[in-house]
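Structure, as structure tokens:
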Amino acid sequence: MADANIEVLTYGFSFNSDQGSFGMSTNSLITVGNQTIVVDTGPASRRAWLYRALESKNLTPDGVDVVILTHMHWDHCQNTDMFRNSRILVHPTEMDYSRNPNRSDFACAKYLADVVDNMKLELVSEGDKVIDGVTIVETPGHTKGHISVAVNAGSETVLIAGDALPDSGTVKRGLPTNVFWDVEDARSSVEKMLASSKVFYPGHDRPFKLEGETIEYLHGPNNIEVINSTEGLGTTSLTFTVLDARPVNINMVQKG
Ligand SMILES: [Zn+2]
């Protein structure tokens, strides 16, 4: 069996501002033999970056065999329409909900499901094998039908976690930063992931490995350049605040 190779196409970050969320998800590329799988497609604001990242791997969107969507939040799936030839894999519960999302759910809009419904949609659930060495893991809580992807990469199982484990801080908190569906489900999903793997590709952070309690980042930029123009004095200053920890946000829980 060929070993799976995992690369990051666009790195995820937990960026927020007092004017809105940057919503940058991790979009990964799994290669097994000549098969290619993209996990999450990211927000429209990063469409050109995603395209260029594929190009740098000598790929075009049309050449990608499979796209797995961890969940139907805008910042993870807005570029799915780029992949016209790909099988699009989503959990049935996630699809059901996203076809008729709660009006108060600001991260999930019906048009996202409309796009996917017009593509080569396939519903997947716990234990489904995408190809040899790539398996679906159910990790609900952040959303109703969230999934993660377990990849056998050499001697290790790597978990492409999505927002069930969005950042390294989730390890300590035991919860993702945002819970949109159910807090207890989200907690159980974190426990399940930590029990099954030591290497994580989080939804909004760089990939890391757990060595005991210690978090060791594997790769990705640790500096980000924010560019703003003061031409015409439209914006006079930017402030950048780095938090030691983020509180868990459960204000938008939709279950009920
Ligand atoms: Zn999300």
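Nothing in this text is a laboratory measurement; each read-out follows from the coordinates by a stated rule. As the structure is a computational prediction, the values presented were derived from the model and not from experiment. With ideal geometry, Cβ positions are generated from the backbone for all residues, glycine too; neighbour counts draw on all protein chains shown.
Let a ≥ b ≥ c be the square roots of the eigenvalues of the Cα gyration tensor of the chain; is it rounded (a/c under 1.5), or, if not, prolate (a/b larger than b/c) or oblate?
It is rounded, given that a/c, with a ≥ b ≥ c, falls under 1.5.
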key: Cβ-defined net charge surrounding SER98, 12 Å radius [Lys, Arg +1; Asp, Glu -1]   = -2
ask   = From the residues ASN100, LEU218, ASN16, which one has its Cα farthest along the dipole of the chain in the positive direction, the dipole being from +1 and -1 charges on Cβ of Lys/Arg and Asp/Glu about the Cα centre?
value = ASN100
inquiry  = How many angstrom lie between the Cα centre of region 7-44 and the Cα centre of region 116-136?
reply    = 18 Å
query = Near GLY203, within a Cβ-to-Cβ distance under 13 Å, what is the net charge of the other residues, with Lys and Arg +1 and Asp and Glu -1?
reply = -4
query = What trypsin sites (Lys or Arg not before Pro) in region 79-135 are in a loop by DSSP, with at most 15 other Cβ atoms within 10 Å of the Cβ?
reply = ARG84, ARG103
query = Any idea how far the Cα center of region 50-89 sits from the one of region 161-203, in Å?
reply = 23 Å
message = Suppose only helical runs count, i.e. DSSP H with n ≥ 4. What mean residue ellipticity at 222 nm does that imply for the chain under -39500 (n - 2.57) per run, divided by all residues and rounded to the nearest 500 deg cm²/dmol?
response = -5000 deg cm²/dmol
message = At a 10 Å Cβ-Cβ cut-off, how would you order PHE22, PHE208, PHE200, fewest neighbours first?
response = PHE22, PHE208, PHE200
task = In debye, nearest 20, what is the charge dipole magnitude of region 4-233 about its Cα centre with +1 on Lys and Arg Cβ and -1 on Asp and Glu Cβ, if you could check?
result = 200 debye
remark   = Per the charge dipole of the chain (beta-carbon charges, Lys/Arg positive, Asp/Glu negative, Cα centre), the residue among SER56, HIS142, SER229 reaching farthest to the positive end is SER229
ask   = Which is the longest run of the chain containing none of the GluC sites (Glu not before Pro) found in DSSP loop states (not H, G, I, E, B) with at most 10 other C-beta atoms within 10 Å?
value = 1-212
